[in-house]
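Visitor: Structure incoming, see below.
The values are calculated or read from the model by the stated rules, or taken from the named source; none is laboratory data. Every value quoted in this text rests on a predicted model; they were computed, and no experiment measured them. When we count neighbours, we look across all protein chains shown, and the Cβ atoms used for this are built from the backbone with ideal geometry, even at glycine.
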Amino acid sequence: MIIEIKELLYEIAQLKKEGKKIVFTNGCFDIIHTGHVHYLSEAKLLGDILIIGMNTDSSVSRLKGSDRPLNNQEDRALILDSLKPVDFVILFDEDTPFNLINSIKPDILVKGGDYKIENIIGADVVQKNGGEVKTIPFVTGKSTTLLLEKIRKL
């Protein structure tokens, strides 16, 4: 479900009352590939509910350059929302998901294996609230950067 913050916070409160474990990850998800699907499937296995914080178009442009994203935020959100492991997609316009993580306070914060836990935005908030921070290894040879390089060579 693509959701706004007020509704998401309500849903989280209800789910936590039911004892559900909330997992959060974030990213641009500009070109969805098998590496993303593997990563999200592994993230979902860590808890009951998987929330994806997705950068808006303006946020992606600031982070990746004026030629990005290739897919607009509506398309990216719809694709993410259609993936089996994903329960909620929420867009954020800041450069980092810190405010979103601080609002949600997930039980588990997940990032890709290229991150060190001490460098993950929001790790301190999650840990301070009794949660865990985990990394999931990348699938070798599967990345948006590699796909873009391959496309540019055509």
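Visitor: Checking the conditions here, which among 78, 50, 83 is assigned to a strand (DSSP E or B) and closer than 16 Å to residue 3 by Cβ?
Guide: 50
Visitor: Determine if region 30-39 includes at least one residue that is assigned to a helix (DSSP H, G or I), among the hydroxyl-bearing types (Ser, Thr, Tyr) and touching a residue at least 24 places away in the same chain (Cβ under 8 Å).
Guide: Yes, the conditions are met somewhere in region 30-39.
Visitor: Mind listing just one residue for me: the one in region 2-17 that is basic (Lys, Arg) and loosely packed, with under 14 Cβ neighbours inside 10 Å and, of those, nearest to residue 91 (Cα to Cα)?
Guide: Among those residues, the one meeting the criterion is 6.
Visitor: Go through region 33-46 residue by residue and tally those that are surrounded by fewer than 19 Cβ atoms within 10 Å (Cβ to Cβ) and of a type in the set (Gly, Ala, Ser).
Guide: Going through region 33-46 one residue at a time, the tally reaches 2.
Visitor: Taking region 1-26 on its own, how many of its residues are touching a residue at least 24 places away in the same chain (Cβ under 8 Å) and either on the phi > 0 side of the Ramachandran plot or part of a loop (DSSP other than H, G, I, E, B) (or both)?
Guide: 5
Visitor: Is there a residue in region 106-121 that is surrounded by 15 or more Cβ atoms within 10 Å (Cβ to Cβ), modelled with pLDDT of 95 or more and assigned to a helix (DSSP H, G or I)?
Guide: Checked region 106-121: no residue is surrounded by 15 or more Cβ atoms within 10 Å (Cβ to Cβ), modelled with pLDDT of 95 or more and assigned to a helix (DSSP H, G or I).
Visitor: How many residues are assigned to a strand (DSSP E or B), closer than 16 Å to residue 52 by Cβ and touching a Leu at 6+ places or on another chain (Cβ under 7 Å) if we restrict to region 122-154?
Guide: 1
Visitor: Another question, if that's okay. Please verify whether region 25-33 includes one or more residues that are over 23 Å from residue 127 (Cα atoms) and not hydrophobic (A, V, I, L, M, F, W, C).
Guide: Yes, because at least one residue in region 25-33 is over 23 Å from residue 127 (Cα atoms) and not hydrophobic (A, V, I, L, M, F, W, C).
Visitor: Of everything in region 1-44, what is within 15 Å of residue 76 (Cα to Cα) and among the small types (Gly, Ala, Ser)? Give them in sequence order.
Guide: Correct list: 27 only.
Visitor: Would you be able to say whether some residue in region 15-30 is more than 24 Å from residue 131 (Cα to Cα) and under 16 Å from the mean Cα position of the chain (by Cα)?
Guide: yes
A quick yes/no check of all residues on (1) under 20 Å from residue 9 (Cα atoms); (2) free of Cβ contacts under 8 Å to residues at least 60 places away in the same chain:
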position	(1), (2)
108	yes, no
118	no, yes
139	no, no
143	no, no
153	no, yes
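Visitor: Looking at (1) surrounded by 19 or more Cβ atoms within 10 Å (Cβ to Cβ); (2) hydroxyl-bearing (Ser, Thr, Tyr); (3) part of a loop (DSSP other than H, G, I, E, B), find the lone condition where residue 66 falls short.
Guide: So the condition that residue 66 fails would be (1).
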